[in-house]
Amino acid sequence: MTNLTDSMDLEHTLEELERAAPARVAGAVDLDSLSNLEAELTGKRSPIAEARRGIGKADPEQRKVIGVRIKEAADRIQALVDGRRIELEHAAEAQLLVDDHVDMTLDRYRLPSGSQHLLTTTMQEVSDIFLGLGYRIADGPEIETTWYNFDALNTPPEHPSRSESDTFYIDWAEGPNDVLLRAHTSPMQVRYMESHEPPVYVVVPGRVFRSDTFDATHSPVFHQIEGLAVDENLSFTDLKGTLAHFAREFFGPGREVRLLPHFFPFTEPSAEMFVSCFACDGSGCRVCSSTGWIELMGCGMVDPNVLTAVGYDPDAVSGFAFGMGVERLAQVRHGVTDIRHLYENDVRTLRQFR
Ligand code: DAH
């Protein structure tokens, strides 16, 4: 064994260690083998430790020089080990990140997204048009009394729409407080006027019920949008202008509006409103059954009896009202020929109106 107290031998040993150390340290492939190597190079049984132990045997005047030289070699080797340790720790951390990687964006179960139903969209579009004119939106109860559904709307007791073959009655009460499923949205005219002072500008979208058989053109449940305007000096021209504006917003510019005389108990005069066919511009086609006109809604000037029933003064205010079927609007505009398509919830139908 080398005699480390001999300073020539010692220097040789230290140089040899320093020369070989970089490659050996770099060759440590993980933290464990680096620790083993560190023990071998600088630990208790290492040549460095042995050299330290030999310092005492050296000449007293040489001890300091030898000590400094040993420390220098030990520091160099330790620096190499420390540097490699940092490298290996970083590598281990990076490997951990790779091993623990979870892809949060993985979307194996992609649920199909739904969309709004055509009837909802249609009600919103119509409401928006009237919001733009300063109207408010209201909604009312689907279960009504005969008073609101008929009597307050100037509908006499013998009117055919009051019969059980037309209206769904509920066995809750008898007589004038009969309870029913509202047959139209018009009762909200009365409810709204009862709770608001004029001027009134309101539209009421909602569900209505009639004892009809479910077929291509009828459904016992459908939707209407009611409109009501009451103010000083409202006249038939205001009604016509309002509905023409609505028709042009909904079906496109250039639509013409035609009002034909009709009868409703709660309006006087009453009319049926037609819009010139948006598909053929009035020349006649399948959409308008060759007439050039599409019937859109009932309307008229609010009957003074209705104003009186809610406590308004028919000499001080006047008004107009209108009521349209939502299914009809949607069907006409989108060419839906069978009303049942709107209720069957067949996704092939629904997807067409996203
Ligand atoms: N309520 C009527 C119906 O269901 C529609 C209607 C006609 C509403 C004339 C009105 C109106 O407000 O003025 O057939």
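Each row is one residue, and each column tells you yes or no for (1) surrounded by fewer than 14 Cβ atoms within 10 Å (Cβ to Cβ); (2) touching a helix residue (DSSP H, G or I) at 6+ places or on another chain (Cβ under 7 Å).
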position: ASN36; (1), (2): yes, no
position: GLY43; (1), (2): yes, yes
position: ARG52; (1), (2): no, yes
position: VAL65; (1), (2): yes, no
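Every residue, every condition in (1) without any contact (Cβ under 8 Å) to a residue 24 or more places away in the chain; (2) among the polar types (S, T, N, Q); (3) within 13 Å of the ligand (Cβ to nearest atom), yes or no:
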| position | (1), (2), (3) |
| --- | --- |
| GLY227 | no, no, yes |
| ASN233 | no, yes, no |
| LEU239 | no, no, yes |
| GLU249 | no, no, no |
| PRO253 | yes, no, no |
| VAL257 | yes, no, no |
| HIS262 | no, no, yes |
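Scanning the range 187-221 for residues that are out of contact with any strand residue (DSSP E or B) (no Cβ under 6 Å at 6 or more places or on another chain) and within 12 Å of the ligand (Cβ to nearest atom) returns VAL190, GLY206, ARG210. Within the range 163-190, being in a helix (DSSP H, G or I) and touching an Asp or Glu at 6+ places or on another chain (Cβ under 9 Å) holds for PRO176, PRO187, MET188, GLN189.
Checked against the criteria, VAL81 counts as at pLDDT 90 or above, in a helix (DSSP H, G or I) and buried (at least 16 other Cβ atoms within 10 Å of the Cβ).
Go through the range 199-233 and give me each residue that's out of contact with any helix residue (DSSP H, G or I) (no Cβ under 9 Å at 6 or more places or on another chain) and part of a loop (DSSP other than H, G, I, E, B). Steps first, please.
Within the range 199-233, the first condition is being out of contact with any helix residue (DSSP H, G or I) (no Cβ under 9 Å at 6 or more places or on another chain), and the residues that meet it are 199, 207-209, 211-213, 220-221, 232-233.
Passing the criteria: PRO199, SER211, ASP212, THR213, PRO220, GLU232, ASN233.
Determine whether the range 327-349 contains at least one residue that is over 20 Å from GLU194 (Cβ atoms), assigned to a strand (DSSP E or B) and assigned by TED's automatic domain parsing to the domain that holds THR237. No, the range 327-349 has no match at all. For GLN331, the criteria (1) free of Cβ contacts under 8 Å to residues at least 60 places away in the same chain; (2) among the polar types (S, T, N, Q); (3) within 16 Å of the ligand (Cβ to nearest atom) hold in every case but one, which is (3). Filtering the range 60-116 down to residues that are touching a Ser or Thr at 6+ places or on another chain (Cβ under 8 Å) and not hydrophobic (A, V, I, L, M, F, W, C), which residue is farthest from SER33 (Cα to Cα)? Ranking the qualifying residues of the range 60-116, first place goes to GLN62.
With PRO47, PRO60 as the choices, which residue is more than 27 Å from ALA21 (Cα to Cα) and over 60 Å from the mean Cα position of the chain (by Cα)? Let's see the steps before the verdict.
Numbers: PRO47 fails: more than 27 Å from ALA21 (Cα to Cα).
From the options PRO47, PRO60, the qualifying one is PRO60.
Just to be sure I understand, how many residues within the range 217-238 are more than 29 Å from the chain's Cα centre (by Cα), surrounded by 15 or more Cβ atoms within 10 Å (Cβ to Cβ) and within 19 Å of LEU153 (Cα to Cα)? Can you show your working first?
To start, the set of residues in the range 217-238 that are more than 29 Å from the chain's Cα centre (by Cα) comprises 217-220, 228-238.
From the residues that got through so far, the ones that are surrounded by 15 or more Cβ atoms within 10 Å (Cβ to Cβ) too are 219, 228-230, 234, 236, 238.
Subset that is within 19 Å of LEU153 (Cα to Cα): 228-230.
Residues in the range 217-238 being more than 29 Å from the chain's Cα centre (by Cα), surrounded by 15 or more Cβ atoms within 10 Å (Cβ to Cβ) and within 19 Å of LEU153 (Cα to Cα): 3 in total.
Can you pull out the residues in the range 102-133 that are at pLDDT 90 or above and either among the hydrophobic types (A, V, I, L, M, F, W, C) or loosely packed, with under 10 Cβ neighbours inside 10 Å (or both)?
Within the range 102-133, the first condition is being at pLDDT 90 or above, and the residues that meet it are 116-133.
Scanning the range 102-133 gives LEU118, LEU119, MET123, VAL126, ILE129, PHE130, LEU131, LEU133.
Of the residues screened, THR308 is one that is part of a helix (DSSP H, G or I), farther than 26 Å from ILE129 by Cβ and either within 16 Å of the ligand (Cβ to nearest atom) or of a type in the set (S, T, N, Q) (or both).
On the basis of being over 45 Å from the mean Cα position of the chain (by Cα) and either in contact (Cβ under 8 Å) with a residue 60 or more places away in the chain or surrounded by 14 or more Cβ atoms within 10 Å (Cβ to Cβ) (or both), does ARG76 make the cut? It is true that ARG76 is over 45 Å from the mean Cα position of the chain (by Cα) and either in contact (Cβ under 8 Å) with a residue 60 or more places away in the chain or surrounded by 14 or more Cβ atoms within 10 Å (Cβ to Cβ) (or both). Against the list (1) within 13 Å of the ligand (Cβ to nearest atom); (2) out of contact with any helix residue (DSSP H, G or I) (no Cβ under 8 Å at 6 or more places or on another chain), the condition ALA244 fails is (1). For the range 270-303, filtering for residues that are within 9 Å of the ligand (Cβ to nearest atom) and without any contact (Cβ under 8 Å) to a residue 40 or more places away in the chain leaves 4.
Against the conditions (1) modelled with pLDDT of 95 or more; (2) assigned to a loop (DSSP other than H, G, I, E, B); (3) under 20 Å from GLU125 (Cβ atoms), PHE250 satisfies every one except (2).
Evaluate the following for ARG182: is it surrounded by 13 or more Cβ atoms within 10 Å (Cβ to Cβ) and away from the ligand (no atom under 16 Å from the Cβ)? Criteria not met by ARG182.
The values are calculated or read from the model by the stated rules, or taken from the named source; none is laboratory data. Everything numeric in this text was worked out from a predicted model, so none of it was measured. Here Cβ is always computed from backbone atoms with ideal geometry, including for glycine, and neighbour counts include all displayed protein chains.
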